[in-house]
1. Any chance you could check the Cα centroid distance between the range C:149-187 and the range C:118-135 for me, in angstrom?
2. Per-residue HN-Hα couplings for the range C:262-271, Karplus 6.51 cos²θ - 1.76 cosθ + 1.60 at θ = phi - 60°, whole Hz, x for Gly and Pro?
3. Dipole of the protein assembly as shown (Lys/Arg Cβ +1, Asp/Glu Cβ -1, origin at the Cα centre): which of A:F59, B:S244, B:N113 lies farthest to the positive side?
4. Could you tell me, in Å, what Rg and Dmax come out for the Cα atoms of chain B?
5. Mind telling me which of C:G139, C:G222, C:G165 comes out most flexible in a GNM of chain C, alpha-carbon contacts under 10 Å?
6. Assuming 0.36 nm per residue, please report the length gained on full extension of the stretch C:D105 to C:S211 beyond their Cα-Cα distance.
7. Using only the Cα atoms of the range C:1-133, what do you get for the radius of gyration and for Dmax, in Å?
8. With a 10 Å radius around each residue's Cβ, average the other Cβ atoms per peptide and rank B:153-162, C:170-179, B:63-72, highest first.
Amino acid sequence: MRKKLNRLDFEFKADKAKDFPADFVHYGVVGSGDMEIIIEKKPLDGAIRVTVLTPVSGFDEVWRRVLYRFVKETHIGNASIEINDCNATPVVGSLRLRQALAEIS
Amino acid sequence: MDKLIGKGRAAIGMVVDPESFREGVIGDLIITDKDFGPGAVIGTAALGNETCTIIAIDAMKTNRKFRVVYAGIIGLEEAYKMALAVYHSIEADKDNGPGEKRPLVLIVDTPGNAPGKLEEIFGMNKATGAYQLALAEARKAGHPIIALVIGRAISGAFLCHGLQADRILALGPKFGTLVHVMPLTSIARITRLDLEWLQELAKENPVFAAGPDFFYRLGGIEELIDRIEDMRGRVIAHIAEVRSIKARGGYEELGPSGRGALGAKRGGRRMRSEVMETMNKEFAAVADRYLI
Amino acid sequence: MSGKWNMLQSQSFLECNGRQRAFGLLDEGTLTELAGPRDRLSSPHLPVLGEAIQFDDGIVTGVGLIGKKPVFIASQEGRFVGGAVGEVSGAKIVNVVRLAREAFDRMVSARADLPEEKRPAVVISFDTGGVRLHEANAGLLAHSELMDQFQDCKGKVPIVSLIGGRVGCFGGMGFVAAAADVVIMSQNGRLGLTGPEVIEEEMGKDEFDASDRALVYRTTGGKHRYIMGDCNLLVADSIKAFRTALIEVLALPYGRMDGFRRIGSLEKVRYQLKLVDLCVKLAPKDSRDVWKYAGNENPTAVTDMSLETFLSTVRRLQVE
């Protein structure tokens, strides 16, 4: 088959966004069915910008839902999120996002 | 046109001074057992009147003791035999100054390291590694090492028989020479990527394509040779060049790291230098914390 | 942070990822990553083929301390493209070894009587199938550079191979690991050149069934390598066990390294040739035949033995 590494870009703004409390966080391994995340502080007027690189296509809406829910529930703001995905399910994706946040402590 | 695949012994004759090759003798090493690593041909010859060590592959031989060793495959015996050739070359010239170390000429035509059960039990990884370490030691002691690809130069076998040389020369693709890790068909199968697509991409991207010309672009081969008659002259010329570069201490410009820089220059391996520079800068910033 | 490092010590080395291993092997809080994920030096070739990338290209490289000793570490991530080596990850390992040797040169020129405890060292945790096919040629060339750097370290900087991951250490990295001074493995680790599937392809399933896990481990696993003398220390599957062995080995003066090596000199090659002669004479059908020859009366029991029993009772192969 011919594959393509797709780039998806999103931007969200949570209600009562709280500034991302660290400079930089990295979490995860790009194993099969998994993903890694970088969250980096960035002045975006309270917003969150996300870039996902994924070899899977057609799941933009699924990503949007997962990411939106994450931003909404954590109120995270003023940060960029970069994800290298290798076919992670939404469940794994949500988990990794939370684990990345938990790295800051 | 004449191809030299499978003709390692004939190739020796085309490179060295006429009638000068003495097989099985290097310094005080004498190997008479014809069944010991028969595919590896080692010995001493004269090259432009100076003594040189020859290490070649005779792809016509079969090792009867090891089932998977035939058609130029480098097995346990072959790899250690070639390592012996190198160590005895070093030993023979150990009292000579660095400018007077005999050259080693590697004549390369091998499809791989031996993929067998016995080999895994007894450690083919050690054998192929041993030959590489010996070559690296000889190279750094001053011996000019030139590899000449006359046929197949594949994967781990090329890593041990070829890629540690100061300079690598290859007959051009029209001679059927093959330089690769594995054929695109196998890469396609294992990575499950479309073969036709890989073939298309390979035209422009030297990174996984097979062929001496791609390796040339990656800085994996210093020179492509167009005519068989030119082999001898080019080997002799490169030996002289390598000697003078070593005489002024330019070891970094030769061998694997020299080819690394060549890759950057020729555009085939660009990230390599960026990665190394980044690491060097980052280390410099914290070195005082560690090197006290 | 402190809790995290302590917790890592008791974790399974097999289950930990490459970064956890690097972090836990070195003294707490001393690791500085070089070309880490923050630099985002990922593979330029994988995206062309539509493959996922990783910010550190599948290997953690950096410098840390064990006591006063600067330790230059490379720890492969076996879960990313099977730990296979590409242009970037290859350049990272090559350069971390070079940095170690340059550090030694620098320290020695500042101070000729450099104490052993401060001599820099190289530690590589292998978890790889070898060359990354997607970047085949670049990966191949990196291996040759690495062997060249290893030779440059001779007489200067000890190199220790650690093998305890799921992928094991195969392909070109199989000879790189063997070219180190010391090899430390766990029973889970495997060290070889050609992977089991390729052996099966070449020899047929009757001769070698790649799906026979026990066979695969008898042929290339830690216990077998220990009996053969290819592995110097066999340790339990925990970060702490690997770290303890590493500390023990790095505490030795450099002159002791030759006793651990299996290749790298004429003398060693001559010894290996005796093993090859034995192979021809013995014509073993299975590693167990070699284990028996080495003096292990009940080779079948060897596989199931606990590590403690194994280490205290096993006979290792010696050839005169």
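The numbers here are math on the coordinates, done by the rules we state, and not lab data. In this text the structure is predicted, and so the values were computed from the model without any measurement. Glycine also receives a Cβ, built like all others from the backbone with ideal geometry; neighbour counts cover every protein chain displayed.
1. Each part's Cα centre sits 8 Å from the other's.
2. 10, 9, x, 7, 4, 4, 5, 5, 4, 5
3. A:F59
4. 19.4, 63
5. Of C:G139, C:G222, C:G165, the Gaussian network model singles out C:G139 as fluctuating most.
6. On the way: separation 106, 0.36 × 106 = 38.16 nm, distance 4.77 nm.
Using 0.36 nm per residue and subtracting the Cα-Cα distance, I get 33.4 nm.
7. Answer for the range C:1-133, Rg first and Dmax second: 15.8, 53 Å.
8. Details: B:153-162: 27.6, C:170-179: 29.9, B:63-72: 19.7.
Highest to lowest by the protection proxy: C:170-179, B:153-162, B:63-72.
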